[in-house]
1. Going through the range 13-43 one residue at a time, which ones are within 27 Å of the chain's Cα centre (by Cα), exposed (fewer than 10 other Cβ atoms within 10 Å of the Cβ) and of a type outside the set (Lys, Arg)?
2. So which residues in the range 30-51 are among the hydrophobic types (A, V, I, L, M, F, W, C) and either part of a loop (DSSP other than H, G, I, E, B) or at pLDDT 85 or above (or both)?
Amino acid sequence: MMPCYENLVGFWKIWNSTFDRKVIRPLNVGEILDNKIIADNFATHFEKVCTPSSHVYDDLLRAYNERRLKYDEPLNGSKKSFLR
């Protein structure tokens with residue numbers, strides 16, 4: 001039983017030396033280390049850039065809806081139209 005134990009100890013020594021344990025470093029975003037401040041900054045940023053309430057979005061949505069109303073061709077050979 002002793003040779004098995006020695007092999008097991010040797011195995012783990014090799015394993016640990018090969019696959020070094022990762023050191024977890026604190027998250028650093030823009031020189032900020034506080035998780036809550038980082039999360040708040042991300043939320044504020046994405047709230048600004050991901051809101052659909054812009055003139056460009058409104059114009060594109062209006063154009064899409066106008067084109068959609070005019071679209072009246074059958075879909076994939078069916079007799080149903082896009083709007084019906």
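The values are calculated or read from the model by the stated rules, or taken from the named source; none is laboratory data. Quick caveat: nothing in here was measured; it's all calculated off a predicted structure. We place every Cβ from the backbone using ideal geometry, glycine too, and count neighbours over all the protein chains shown.
1. Matches in the range 13-43: Val23, Ile24, Pro26, Asn28, Gly30, Glu31.
2. Filtering the range 30-51 for residues among the hydrophobic types (A, V, I, L, M, F, W, C) gives 32-33, 37-39, 42-43, 46, 49-50.
Matches in the range 30-51: Ile32, Leu33, Ile37, Ile38, Ala39, Phe42, Ala43, Phe46, Cys50.
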